[in-house]
Structures are given as C-alpha cells and as structure tokens.
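Asker: Take a look at this one; I'll ask things after.
The values are calculated or read from the model by the stated rules, or taken from the named source; none is laboratory data. Treat the numbers as computed from the prediction; the structure is a model and nothing was measured. Here the Cβ is made from the backbone with ideal geometry for all residues, glycine too, and neighbour counts use every protein chain on show. Only protein heavy atoms, including side chains, enter the accessible area calculation; ligands, DNA and RNA are left aside. Shrake-Rupley method; radii C 1.70, N 1.55, O 1.52, S 1.80 Å.
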Amino acid sequence: MDYRGSVRPFVHFNAKHDAEILHKAMKGIGTDEDAILMVLSARSNDQRQQIKAAYKKAYGKDLVSALKSELGGLFENLIVALMTPPVLYDATLLHKAVKGAGTDDQVLIEILASRTGDQIKDISKVYKKEFGGKLEKDISSDTGGSYGRLLVILLQGSREEGVEEDKIENDAKDLYAAGEGKFGTDEEKFITILGNRSSEHLQKVFDAYKKISGSDIEDSIKGEITGNLEDLLLAVVKCVRNVPGFFAESLYKSMRRAGTDDDTLMRIMVTRSEVDMLDIRANFKKMYGQSLYTTIQEDTAGDYQKALLYLCGGKD
C-alpha cells in the first residue's frame, strides 16, 4: 500500500539537533515562530516524540510546556496538537467532547465513524489510562436513545469481516422496510446493520438498496431520521463509501462560511496528515473544483496558516 499522508518522516532526522533548533527559537526575547514551524510541521509524529525526549534530556524541561509559554492563539493550539501522539490526541478530543459543558457531537461522530476498529480499541485503552474513566460509560451517560446505542456499537471496534453474499439482499430489504417502506422508522435495524457489517459488505448493500428503492441510502436517512442519529448514520455511510471524501466535505464545510470553524479544520489537518491527506486533497479538488491548499490560504492567516499549508503538503 503506498503512503497517502502529506507528512512523512524526515529523512536526515536528528532529534538532538532539532531540540537545539527549538531551544534557540525560544531563547531570549521574542520567539522564532518560523523555526518552530519548519521543524515541527516537517517531522512525523513519531519523530516529534523523539524530539520531545531529546529536549527534556538536554534542557530538563517539557517541550510542550515550553512551546505553550512562548506561543499563543490558534498557532499554539495547532503546535500542541501536532506534538500529541495520535491515539492520545483522539482520546483527548473525545474526553473534551463529553466532559465539557454540553456534548460536542460533531467530534464524537467524526472520530467514531471514521477510525478503524483497531484504532478505536487503542483509543479506549489510552482514554482509560489517561482520564481514569471508561470511554463507553462517559459516552453513554452523555448521549441517549438510538444515537447513543450506535455510538456504543461503534466503540466496540468489532465490525464483521468480509462480504456475506447471502445477506446482501436481505440487509437491503430490511433497511428499506425499516425506513421508506413503513410509517415511522425502525431505527434499530439501521443501527444494527450500519453499525456491524463490514464496509465491503455495506457497499454492496447500498447498491442493492438503490435498486430496490430507486434512491440512495443517504437520501432515505435524510428523509426518515433527524438530529444526531441522522448525522451519525450519514457519517457512517460516507465513511463506508469513501473516508477521504468524508473528510474533504468536512473540511469544505469548516471553511467557506461566515467565519472558519478552526477546531474542525485543525483537527482534520492534524489527524489525517499522516494517513490520507493526499487522497483528501484529490477528493476536495474533484468535489469542489478548487484546491484545498488555496482554500486554506484564503481562509486563514499568519503562522497558523503556514503550518496548515505545510500539513496540506502542496497545491493541486
């Protein structure tokens, strides 16, 4: 499988040397943001952890705390996010989403719909270690109804494997009967089928569904279901069809409006930079006829903008 991230491990990497550059950038009056940016945006997360260790060894203090005391605003938030190991970053986002005032459903939906089963299991482990509570318990006490139940199903990280040919037709009929085919919606059927079957299997179910009902499963969900459950089911369907496409759409929606949703923009650029940013860029261009790079350029400013453009990796 070829690498689809925009940020790659730096070839001539020397953690001690990078730690020195960062130390110099923060020494004395004023901070050299450019130096910080150049080093940290152009290293993989794993390399950033090695720089952090080298920095502590050389200077006896925590690199992230040092960066926080020198930087501010969105640029600071982005740099701190880049310095966080990916699984811990996801766990921290989920913790914030349930522990703050109100629930940040957008974050719950995005992470649980898009991460692989193994990633979700790792996130739950790190969550427990870091925050002392159980992620499942925190999410179910914060959400309710079919929406909460589907989140819990996704949290198990145990989708079935492969395609069960003999179930395809049946699943499609069940979804049709549960939604468009009846008065009122049988949400349980949607949750069970969309929460448990493999992506390959669901793609075939969606094709069969279109033959039966004449419309896409997305349109039926929009017509039959509302609120958080609708958003979650749509996210699951989109991720089954095309994960980079799902993120391209979320990025587009985070910009191009009155004001930028920087939380979402930053979260996606950080979490996908070593996963599938090249595919997200290609989908963005295809879906919206403009490059992600230019869109970020028009929507953001300063060091924050420069760092995001590094993570984007290039113009399309």
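Asker: Take the residues of the range 214-250 that are part of a loop (DSSP other than H, G, I, E, B) and among the β-branched types (Val, Ile, Thr): which is surrounded by the fewest Cβ atoms within 10 Å (Cβ to Cβ)?
Answerer: That would be THR226.
Matching residues to (1) open to solvent by less than 20 Å² (accessible area, probe 1.4 Å); (2) in the same structural domain as PHE131 (by the TED database):
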site: GLY60; (1), (2): no, no
site: SER65; (1), (2): no, no
site: GLU76; (1), (2): no, no
site: ALA81; (1), (2): yes, no
site: ALA91; (1), (2): yes, yes
site: LEU94; (1), (2): yes, yes
site: LYS99; (1), (2): no, yes
site: GLY102; (1), (2): no, yes
site: ASP105; (1), (2): no, yes
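Asker: Enumerate the pairs (first residue in the range 66-80 and within 14 Å of GLU33 (Cβ to Cβ); second residue anywhere and of a type in the set (S, T, N, Q)) with beta-carbon separation below 6 Å, excluding pairs fewer than 6 apart on the same chain, so at least 6 apart or on different chains.
Answerer: GLU70/THR31
Asker: List the pairs whose first member sits in the range 148-168 and is closer than 10 Å to LEU112 by Cα, whose second member is in a loop (DSSP other than H, G, I, E, B), and whose Cβ atoms are under 9 Å apart, counting only residues at least 6 apart or on separate chains?
Answerer: LEU151/THR143; VAL152/THR143; LEU154/ARG115; GLY157/ARG115; GLY157/THR116
Asker: Something else about it: Exactly one of these conditions fails for THR31: (1) surrounded by 19 or more Cβ atoms within 10 Å (Cβ to Cβ); (2) at pLDDT below 95. Give me its number.
Answerer: Only one criterion is unmet by THR31, namely (1).
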